[in-house]
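Worksheet for the structure shown next.
The values are calculated or read from the model by the stated rules, or taken from the named source; none is laboratory data. None of these values were measured; they are calculated from a predicted model. All Cβ positions, even for glycine, are placed from backbone atoms using ideal geometry, and neighbour counts span all protein chains on display.
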Ligand code: HEC
């Protein structure tokens with residue numbers, strides 16, 4: 001049994017490794033280092049708080065969207081890589097943060113997140129992601145609130 005599991009694990013790792021080598025692979029994706037202080041200003045300026053909440057960041061002048069409230073930068077049970085974070089901003093329909101939540105997408109499966117691609121500059125995006133990424137903390141599954149049985 002142990003050997004079957006080992007063989008399974010090795011073949012899965014090889015499969016994943018080869019996925020990463022394709023032409024569509026995010027391997028090698030890299031943006032320059034941003035300024036997180038400016039990123040915070042970008043986050044407020046573009047009114048991301050209308051649909052999102054972020055620990056410790058408030059601005060009462062931003063009107064809240066009545067239907068959408070997505071917590072960002074929280075503890076995740078999987079690693080949120082830099083590339084995933086950038087993708088969730090410029091291509092939000094690519095992968096839904098919470099696929100089971102119908103409130104966040106249209107009946108066609110398109111994210112209800114506002115499209116910022118024509119307004120946000122690349123420099124602003126770089127700073128914004130530098131600001132947001134440290135808010136994502138990786139928590140192994142057993143330690144989240146979804147914990148099913150006591151350890
Ligand atoms: C009109 C509402 C709306 C606005 C405004 C908005 N978002 Fe979103 N955002 C969403 C929705 C809905 C989702 C969840 C579905 C998805 O992932 O596309 C989401 C998801 C995200 C996620 C992934 C969530 C996670 O952590 O798993 C990030 C990151 C994000 N938004 C960043 C931003 C930033 C940065 C801004 C401002 C520049 C912004 N959003 C503005 C609606 C919005």
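A few notes on this one:
- Residues of the stretch 118-151 classified as at pLDDT 90 or above and surrounded by fewer than 11 Cβ atoms within 10 Å (Cβ to Cβ), total: 5
- The stretch 89-117 - residue that is in a helix (DSSP H, G or I) and modelled with pLDDT under 90 and, of those, nearest to the ligand (Cβ to nearest atom): 104
- Total residues in the stretch 52-87 satisfying the condition of being outside any strand (DSSP E or B), within 11 Å of the ligand (Cβ to nearest atom) and touching a strand residue (DSSP E or B) at 6+ places or on another chain (Cβ under 6 Å): the figure is 2.
- Just one of the listed residues (69, 53, 60, 36) is free of Cβ contacts under 8 Å to residues at least 40 places away in the same chain and farther than 18 Å from residue 111 by Cα, and it is 60.
- In the stretch 47-61, of all residues being in contact with a helix residue (DSSP H, G or I) (Cβ under 8 Å, 6 or more places away or on another chain) and surrounded by 15 or more Cβ atoms within 10 Å (Cβ to Cβ), the one that is farthest from residue 101 (Cα to Cα) corresponds to 57.
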